[in-house]
Amino acid sequence: MEPSPWQHCAPEREHDLSPHGVRLRIHEWGDPEATPIVLSHGMFDHGRGFDAIAPLLAEHFRLVSVTSRGHGDSAWADAYLWPLDVVDLIGVLEWVGRPSHLLGHSRGGAMVTDAAIYAPECVRQLVNLDGFGPPPAGFEMPGPWNDDRSVPERFEAFLDKRRRPAEESVWRPRPLFEDLVERRSEQNPRLSKPWLRHFVGLGAREVEGGFVWKADPAAGRGFGPWRPDWVTLDWPLLKAPMLAIIGGEPDTWGPLPDSVLEERFKNLRSVERATIEGAGHFMHMEEPEATARVILDWLPR
């Protein structure tokens, strides 16, 4: 595996934390005495996905990046329910010990929003990077695995998958590390191959027969087909102001149509919007400098 050009962005500190019985890997950048920002990544990503942007923010803040249960170097668990992930995140906020800003990407953006709703005393302001829920028709990945079944058919398949024994939750090894890079590139074609080799290298491990993801396959089984209006059900309870950031370029995972975003943002008390031009859903990886500037201009220190 070639040396990563992002190696100099590695965290300054890392440790494990078990706020609710499941070991979570924590990575930190910046002065431990500075105002904290707690970071939450997207589905099947990991806390090192912030490597490109964290050092830029760490010039002014203490960055605490959490790898969710069943992802990256955090422990696998018996259950992956949305409330458990949110409670894990609140446990990290309590461990930090002082009101923190929150920053989440995609699934992590939705998680930090819920954490701020249910633990307002722990939160100052929050930055949501394109984590505003799926489009009304749901997400569809490019390629032959597109799911064109009806919602009832998809829900039946979801329940059947949930019934599978835990021992079936294993990845089929890919012979070459580059196979995983190509697989991720198919899902995220805007991300450069050098970055993907760095990112995938931290989220995969070598086993007999090749390479597999570190993430627990069961962690990505999701919650089945659901109504998009459920996304904002509790948003009127959010007290912390939100900076809502999207990328200016459409890709596999976003952004949502502006009409959908505006309808969802009506449920927020205080929201400011920003767009990172020249970036897609993974703006903190594609355009870390531009994304950091927007965040630093908005967050109080």
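The values are calculated or read from the model by the stated rules, or taken from the named source; none is laboratory data. Bear in mind the structure is a predicted one, so any value in this text is a computation, not a measurement. Note: ideal-geometry Cβ built from the backbone for every residue, glycine included; neighbour counts use all protein chains shown. Each accessible area value is taken on the protein alone, full model and side chains, heavy atoms only, with ligands, DNA and RNA left out. Shrake-Rupley method; radii C 1.70, N 1.55, O 1.52, S 1.80 Å.
Brief remarks on what is shown
- Helix-derived mean residue ellipticity, 222 nm - over the chain, DSSP H n ≥ 4, -39500 (n - 2.57), to 500: -8500 deg cm²/dmol
- Apolar share of the accessible surface for region 188-301: 50 percent from carbon plus sulfur atoms, 1.4 Å probe.
- Evaluating 6.51 cos²θ - 1.76 cosθ + 1.60 at θ = phi - 60° for every residue in region 275-286, the Karplus couplings come out as 10, 9, 5, x, 10, x, 4, 9, 4, 6, 9, 6 Hz, glycine and proline recorded as x.
- Distances between placed amide hydrogens fall under 5 Å for Gly247 paired with Ile276, all partners being 5 or more residues away or on another chain.
- Counting only Cα atoms, the chain measures 48, 44, 41 Å along its principal axes, largest extent leading.
- Estimated inter-spin distance, Glu156 and Ser18, nm [label 7 Å along Cα→Cβ]: 4.3 nm
- Note on the chain: with charges restricted to the Cβ of Lys and Arg (+1) and Asp and Glu (-1), its dipole about the Cα centre is near 480 debye.
- Computing FRET efficiency as 1/(1 + (r/R0)^6) for Asp31 and Asn267, where r is the C-beta to C-beta distance and R0 is 30 Å, gives about 0.25.
- Calculated over region 1-91: convex hull of Cα atoms, volume per residue (Å³): 101 Å³
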